[in-house]
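**Student:** Pasting a structure below so you can have a look.
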Amino acid sequence: MEKQTVLILDFGGQYNQLIARRVRECSVYCEVHPYNKLCVSEIREMAPAGIIFTGGPNSVYADGAPRVDKELFELGIPVLGICYGAQLMTYVLGGKVSSAEAREYGKTETVFETESLLFRHLPREATTWMSHTDLIEQLAEGFRICAHTTNCPAAAIENPEKKLYGMQYHPEVLHTDNGTDMLKNFLYEVCGCKGDWTMGNYAQEAVEQLRGKIGEGKVLLALSGGVDSSVCAALLAKAVGSQLTCIFVDTGLMRKNEGNEVEAAFSQWGIQFVRVNAEERFLGKLAGVTDPERKRKIIGEEFIRVFEEESKKIGAVDYLAQGTIYPDVIESGIGDAAVIKSHHNVGGLPDYVDFKEIIEPLRLLFKDEVRQLGLALGLADYLVWRQPFPGPGLGIRVIGEITKEKLDLLREADFIFRSEIASAGLDRQIHQYFAVLTDMRSVGVMGDERTYDYTLALRGVTTTDFMTADFARIPYELLEKISSRIVNEVQHINRIVYDITTKPPATIEWE
Ligand code: XMP
């Protein structure tokens, strides 16, 4: 391995992704592998700077509980076991783990021995996040306790001579005070990491690797204009320039100016950029359709058909590139699984595009790292900081039947909403915000005239993972300004409502 790598062995715990993220936050490159995929000799060959065992749902004594080979601890490679990982290390090295009388869960006051390298320069007392039933009852030979809580005498353990460490709590979650610093201490003080994982280096390395792999080959990418596919395109453009063809399907369901913005952004990169204006096709297929799931299906299928047709014109390519990112890799079973997932997320990939291999240049990066990489490659801020936009686009934000007229109304209203949020400086605080054109009409009065026009809904949410979300507390004054601008500037909208439901029970999109 050219750069220092930390190996994370996955025992099936719920925070595994977070551990990897924290290690990268410490500027150290890491790879997550299932605990049983690598044998000791393969690990020796990889020569990682350190190994971290994740937590896991099992008890070390359970039948079929994940185990590791004792030899792993004799390689001279530092190991940090977290929760199950710490118990397993103890068990394998001859200590004793037992069922705790009281299950410990949640924030727990913890006392640390600050002489330990793990807790160097950190406070003696702090809160940790515990989540366990079993605990370490008797240490393995050579170990000592370096942190304790009221119910857990061995909250952290160490054998500094052998560079083996364990934590019963979870340093990777934010509820543990200084958790990232503890991991950093393990990485820097124990493993001797230098912190050679920076986005600038990474971009350079990735470009060179892609050049080596692709050679003179041709690459095809479906560019949606979203963050992942844009960064993927920029990286490939830097690496292989004119060998890259990007197909951008303008479905007619994009936001105001979006198609032109994407085209403008990529026309200067020296790649072959194919824009397919397919609005009529999409609207034709969607005519009269009101059911949200049917809309999604139609849009997804049509997208694939258009992509296939265009790629046939290009002929055979060597590589089909995808903007799969690290969380997708982990979620789909870790490691070497080739994830075939369209970042359009509208119904899979074309079956018969003629390519030899899939390449996923972002598969080791988290979303925020993808953004940093985009910036390092010189992508414009507005592309890098784009809020998520669903594959079916405005098709699921016009409630009921979709027509060009309704889409145009929605585009104008949505544009005003987005511009005002950006002018108020709230565009990074509200994680997703958009307008929805409902199919409800109501009575209003404008001038001396009675109107009977559409109700527009505004939605703004804050969220960390888009699985749960809260509605954004947009100041009333700003809502007032947005409302008055929209009803004055956009015809056929005479009423604005703001969506104040959380997810669950509502979802972020209305359809
Ligand atoms: P929901 O509405 O399920 O949305 O709370 C969660 C996140 O997913 C996005 N979303 C989609 N993205 N295809 C996509 O690519 C879809 O069909 C789709 N539906 C919802 C939504 O914008 C939000 O960010």
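All of the numbers you see were taken from the coordinates with simple rules; none came from a lab. If you're wondering where the values come from, they're calculated on a predicted model, not measured in any experiment. Every residue, glycine among them, receives a Cβ derived from its backbone with ideal geometry; neighbour counts consider all protein chains shown.
**Student:** Quick one: which residues, 5 or more positions from residue 52 or on another chain, have an amide H under 5 Å from its amide H? H modelled 1.01 Å from N in the peptide plane, none for Pro or chain starts.
**Tutor:** It is 7, 8, 9, 80, by chain and number.
**Student:** A further question on this structure: For a 25 Å ceiling on Cα separation, which of these pairs sit above it: 70/96; 297/481; 218/312; 163/184; 406/481?
**Tutor:** Checking Cα-Cα distances, 297/481 exceed 25 Å.
**Student:** Under the rule a/c < 1.5 gives rounded, and otherwise a/b versus b/c splits prolate from oblate, where does the range 5-190 land using the Cα gyration tensor?
**Tutor:** Taking the square roots of the gyration eigenvalues as a ≥ b ≥ c, the range 5-190 is rounded.
**Student:** Taking H as built 1.01 Å from N, whose amide H comes closer than 5 Å to the amide H of residue 249, not counting residues under 5 places away?
**Tutor:** Close amide H contacts, sequence-distant or interchain: 223, 276.
**Student:** Further question: Is it possible to state the helix-based mean residue ellipticity at 222 nm for the chain, with each DSSP H run of 4+ residues giving -39500 (n - 2.57), the sum divided by total residues, to the nearest 500 deg cm²/dmol? What is it?
**Tutor:** -9500 deg cm²/dmol, from helical runs alone.
**Student:** Going through the range 1-93, which GluC sites (Glu not before Pro) have at most 12 other Cβ atoms within 10 Å and a DSSP loop state?
**Tutor:** Passing both the DSSP loop test and the Cβ count: 2.
**Student:** Put +1 on the Cβ of every Lys and Arg and -1 on every Asp and Glu Cβ in the chain; which of 88, 20, 114 then has its Cα farthest towards the positive end of the dipole?
**Tutor:** 20
**Student:** Could you compute how fast the chain diffuses translationally, taking Rh as the Kirkwood radius over C-alpha pairs and applying Stokes-Einstein at 4 °C with viscosity 1.567 mPa s? Give it in µm² per second.
**Tutor:** Working: Rh = 25.6 Å.
Using the Kirkwood radius from Cα pairs, D works out to 51 µm²/s.
**Student:** Same structure again: Can you compute 3J(HN,Hα) from phi for each residue in the range 469-481, using the Karplus curve 6.51 cos²θ - 1.76 cosθ + 1.60 with θ = phi - 60°, rounded to whole Hz and x for Gly and Pro?
**Tutor:** Karplus-based 3J(HN,Hα) across the range 469-481 equals 7, 10, 7, 6, 7, 6, x, 4, 4, 6, 4, 4, 4 Hz.
**Student:** What dipole magnitude, in Debye to the nearest 20, does the range 366-406 give about its Cα centre under +1 on Lys/Arg Cβ and -1 on Asp/Glu Cβ? Please list the in-between numbers first.
**Tutor:** Numbers: 6 positive and 5 negative charges, 20 e Å.
Dipole magnitude for the range 366-406 comes out near 100 debye.
**Student:** When the Karplus curve 6.51 cos²θ - 1.76 cosθ + 1.60 is applied with θ = phi - 60°, which whole-Hz ³J(HN,Hα) does each residue of the range 422-433 get, with x for Gly and Pro?
**Tutor:** My calculation for the range 422-433 gives 5, 4, 7, x, 9, 5, 9, 7, 9, 6, 8, 8 Hz in order.
**Student:** With +1 on each Lys and Arg Cβ and -1 on each Asp and Glu Cβ, and nothing else charged, work out how big the dipole of the range 104-250 is about its Cα centre, in Debye to the nearest 20.
**Tutor:** Charge dipole of the range 104-250: 620 debye, to the nearest 20.
**Student:** Arranged from highest to lowest average of other beta-carbon atoms within 10 Å per residue, in what order do the peptides 380-390, 486-496 appear?
**Tutor:** Details: 380-390: 16.3, 486-496: 18.5.
Ranking the peptides 380-390, 486-496 by packing returns 486-496, 380-390.
**Student:** Still on this structure: May I ask what percent, to the nearest 5, of DSSP beta bridges between residues of the chain are antiparallel? Display every interim value, and only then the final one.
**Tutor:** On the way: 36 of 75 bridges.
Once the DSSP bridges in the chain are tallied, antiparallel ones form about 50 percent.
**Student:** Can you list which of the GluC sites (Glu not before Pro) found in the range 379-417 are DSSP loop residues with at most 10 other C-beta atoms within 10 Å?
**Tutor:** Counting only loop positions with at most 10 other Cβ atoms within 10 Å, none of the GluC sites (Glu not before Pro) in the range 379-417 qualifies.
**Student:** Please list, ordered by chain and number, the residues whose modelled amide H lies under 5 Å from the amide H of residue 155; skip anything fewer than 5 residues away on the same chain.
**Tutor:** 147, 148, 149
**Student:** Among 79, 135, 99, whose Cα lies farthest out toward the positive end of the dipole of the range 70-176, if unit charges sit on the beta carbon of Lys, Arg (+1) and Asp, Glu (-1)?
**Tutor:** Of the candidates, 79 comes out farthest on the positive side.
**Student:** Distance between Cα centroids, the range 1-26 to the range 151-169: provide it in whole Å.
**Tutor:** 19
**Student:** Short version: ³J(HN,Hα) in whole Hz for each residue of the range 179-193, in order, from phi by Karplus 6.51 cos²θ - 1.76 cosθ + 1.60 (θ = phi - 60°), x for Gly and Pro, what are they?
**Tutor:** Listing the rounded values in order: x, 5, 5, 5, 5, 4, 4, 4, 5, 8, 7, 8, 7, x, 5 Hz.
**Student:** Here's a follow-up. Given Cβ point charges of +1 (Lys, Arg) and -1 (Asp, Glu) and nothing else, what value in debye, to the nearest 20, does the dipole of the chain about its Cα centre take?
**Tutor:** Value, rounded to 20: 420 debye.
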